[in-house]
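The values are calculated or read from the model by the stated rules, or taken from the named source; none is laboratory data. Everything numeric here is computed off the predicted structure, so don't read it as measured data. Note: ideal-geometry Cβ built from the backbone for every residue, glycine included; neighbour counts use all protein chains shown. Heavy atoms of the whole protein, side chains included, go into the accessibility calculation; ligands, DNA and RNA do not. Shrake-Rupley method; radii C 1.70, N 1.55, O 1.52, S 1.80 Å.
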Amino acid sequence: MTALTPTPLTDDLVHGALELERTPRGVQPHRLPAWVRRQLPDPQLLMAEAQPSGVRLVLRTRATAVALDAHPTRLAYVGAPARPAGVYELLVDGEPAGRATVDGGDVLAIDPVTGAREVRPGEPGTVAFRDLPARDKTLELWLPHNELATLVALRTDAPVHPVPTGGRPVWLHHGSSISHGSNATTPTGTWPAVAARAAGVELVNLGFGGSALLDPQTARTMRDTPADLISVKMGINIVNGDTMRLRTFTAAVHGFLDTIRDGHPDTPLLVVSPVLCPIHEDTPGPGAFDPSTFGSGPVRFVATGDPAEVPAGRLTLTVIRDELSRIVTQRGQDDPHLAYLDGRELYGTPDATAHPLPDALHPDAATHRVIGERFARLAFVPGGALARA
């Protein structure tokens, strides 16, 4: 068996990350730059942005074997069933060629009742793919979307070369845990990855679980990130976090879009409202874990707000969709490259029966594919808001 030779993990081999941090463990991909992480040291955001959803190693090579040593950090909720290990997925010239998981790694245990966190340390592991075609080819090794992956070493049996990103339009997307990929089972199975592969665009996924909160730091990051196409899916975290009222939400949306436009004045920009979520359609947040489901299977979510307070400015998904539609219509008078998509066109009332949300909040793997395919048809086809020239 041919020995595998280490290849330095340089920035040009990593697509979909905004920054690589060199640590004593190895290379940590980040989806938000260091200055944002310093300004917003929220544990939820820091965990979400470091989970490399949409991040992949892209190589041009004749190698027939490739191995990646990685040190994962997995999330576990006390009292809930163990979560499956994150999947590393290999594509050869765009076609699936294998999946694997890394043994070992750290576990971040979170108590959903008290919020207490405990890190249980572990060792790094390796994923390896062999018997690849002995020809010049492009390899894409997609990193897990749902666990941290510190990259320790990349090894191959032939030289590798970076693949420039300039051959395809760059699609920059921001959203919540659904965009992050919650409940998808593979990194190419998250709905943004499904849509990007269908449309032939280069994905930069800024979907952050629990953290699509119209943070100005995220808007500034999007302003400064090169992109040919941009979409922002907003609303569900505002509701289930009960973080705003209608007055502040409206101002925050305008400010977020204004900031993006400072760096991308003419780039196609699509505002997407929340997909259907029955518990929050007409009931405000905050959302919470349903304690009656602890220890009895999948943990479900419930809405705990009072619908009677909506006239006073409490937010529901119905209110947010109406307001986003109004804002985009208003701004569209001066911005011909701005468009709106009602999230219920991606997942709506008929889907709640055919594809129910397993935890009352997030779609399952099959539904991610449905959403991604619909988004590609609605946004990227000729005449769509993100159609390529």
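Annotations
- Rounded to the nearest 500, the helix-only mean residue ellipticity at 222 nm of the chain stands at -6500 deg cm²/dmol, with each DSSP H run of n ≥ 4 adding -39,500 (n - 2.57).
- Close amide H pairs (under 5 Å, H built 1.01 Å from N) link residue 203 with 171, residues at least 5 positions away or on another chain.
- FRET E, pair residue 25, residue 308, Förster distance 56 Å, beta-carbon r, rounded to 0.05: 0.65
- Figure legend: label point modelled 7 angstrom from the Cα of residue 168 along Cα→Cβ; no residues of segment 253-279 have amide N under 16 Å from it.
- Restriction of the trypsin sites (Lys or Arg not before Pro) in segment 1-37 to DSSP coil positions whose beta-carbon has at most 15 other beta-carbons within 10 angstrom yields 25.
- Each of 347, 143, 237 was scored by the projection of its Cα onto the charge dipole of the chain, and the greatest displacement toward the positive side belongs to 143; charges sit on the C-beta of Lys, Arg, Asp and Glu.
- Note on segment 279-389: with charges restricted to the Cβ of Lys and Arg (+1) and Asp and Glu (-1), its dipole about the Cα centre is near 380 debye.
- Annotation: per residue accessible area for segment 113-211 equals 36 Å², rounded to a whole number [probe 1.4 Å, protein chains only].
- Solvent exposure ordering (accessible area, 1.4 Å, most first) of 347, 340: 340, 347
- Inter-probe distance in nm under a simple model that places probes 7 Å from Cα toward Cβ, at residue 5 and residue 131: 2.6 nm
- Residue of 111, 266, 131 that the Gaussian network model of the chain assigns the largest fluctuation, springs spanning Cα pairs under 10 Å: 131
- Each listed q (0.14, 0.18, 0.21, 0.22 Å⁻¹) maps to a log10 I(q)/I(0) for segment 94-206 from the Debye sum over equal C-alpha point scatterers, namely -0.79, -1.19, -1.40, -1.44.
- Since only 108, 246, 32 are under comparison, the one whose Cα sits farthest along the positive direction of the charge dipole of the chain, derived from C-beta charges on Lys, Arg, Asp and Glu, is 32.
- A Gaussian network model of the chain, with springs between Cα atoms under 10 Å, assigns the largest mean-square fluctuation among 91, 40, 13 to 40.
- Dipole orientation for the chain: of the candidates 362, 269, 329, 269 has the Cα lying most toward the positive pole (charges on Cβ; Lys, Arg +1; Asp, Glu -1).
- In this structure, the amide hydrogen of residue 145, modeled 1.01 Å from its nitrogen in the peptide plane, lies closer than 5 angstrom to those of 87, counting only residues at least 5 positions away or on a different chain.
- Estimated distance in nm for a label pair at residue 76 and residue 101, the labels positioned 7 Å out from Cα along Cα-to-Cβ: 1.2 nm
- Size of charge dipole - segment 141-286 - debye, nearest 20, with Cβ of Lys, Arg +1 and Asp, Glu -1, no other charges: 60 debye
- Of the complete DSSP H runs in the chain, those spanning 24 angstrom or more by Cα along the long axis with a mean Kyte-Doolittle score not below -1.0 are 246-263.
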